[in-house]
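Down below is the structure, laid out as structure tokens.
What follows draws every value from the coordinates through simple rules; no lab data is involved. All figures in this text were calculated on a predicted structure; none of them were measured in a lab. Virtual Cβ from ideal backbone geometry, glycine too; neighbours counted across all protein chains shown.
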């Protein structure tokens, strides 16, 4: 039953069929964005594992993702005056699928984004650098709108994903700001807003200090320890000796 201006009205079979088709289309639409998140998350996970196994430093601290709920998408369609078709939604709303990467240092933010943007199947649509140009409230982060291919049974679908990259300090500030706005239902007292801006500057100075310390340690080559690797991937000394002898006998070395 649905309510109309003339009172309760039964859904006709034709209407039920239309609703079923619309549900299927909406579900497929949402799945495409879920798979887009999976694609980007896999790319980032591969970088994480590579840095952990083969390098002495992993710039990626944490990765999270979120898929905007159907009701939130509908709310945004209404706010933006977007035509209620899936093709128009794809063009207009770019944050349905989101992946957030938390890095140790500011330089890591740009490095990781460059590594992702440099992959052949990643198309960069837009970049918003809120680190170089923070928002008025003090928010800092690097936002990249990218397009990745999703391979389905009936073909390839390009999917837009928003990738946010920030430092630990930026992420801590953003989390606190979100909690404050939620608590006060966006009617935040002026004094708290001023404190938030000051906290953002403090976090920014902390990032600068940590970056300088990191660079000094790197230049001094203090951390020369071998990278920690999984026993499943790292060969033992005995395996290496046997491989070396096998190569000697085969004349490969």
Label 7 Å along Cα→Cβ of residue 28; segment 66-105 residues with amide nitrogen under 19 Å?
-> 70, 84-91
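Fewest to most neighbouring Cβ within 10 Å: what's the order for 202, 209?
Result, fewest neighbours first: 209, 202.
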Heads up, the chain by the C-alpha gyration tensor (a ≥ b ≥ c square roots of eigenvalues; a/c under 1.5 rounded, else a/b over b/c prolate, else oblate) looks oblate
On a 0 to 90° scale, report how tilted helix 13-54 is relative to the longest principal axis of the chain, with both axes built from alpha carbons and the result rounded to the nearest 10.
-> 20 degrees
Gain in length, residue 249 to residue 180, computed as 0.36 nm per residue apart minus the alpha-carbon separation, to one decimal in nm?
-> 18.0 nm
Relative to the first principal axis of the alpha-carbon coordinates of the chain, what is the inclination of helix 237-250, with its axis defined by its Cα atoms, in degrees from 0 to 90 and to the nearest 10?
-> 70 degrees
Between the modelled labels at residue 172 and residue 62 (7 Å from Cα along Cα→Cβ) the distance in nm is 1.1 nm
Listed peptides 15-25, 67-77 by packing density, highest first (mean Cβ within 10 Å) | 67-77, 15-25
When only C-alpha pairs under 8 Å and at least 6 residues apart count, what is the relative contact order of segment 19-230, in percent?
-> 23 percent
What shape does segment 96-141 take by its C-alpha gyration tensor, where a ≥ b ≥ c are the square roots of the eigenvalues and a/c under 1.5 counts as rounded, a/b above b/c as prolate, and the rest as oblate?
-> prolate
Relative to the longest principal axis of the chain, what angle (0 to 90°, nearest 10) does the C-alpha long axis of helix 190-220 take?
-> 20 degrees
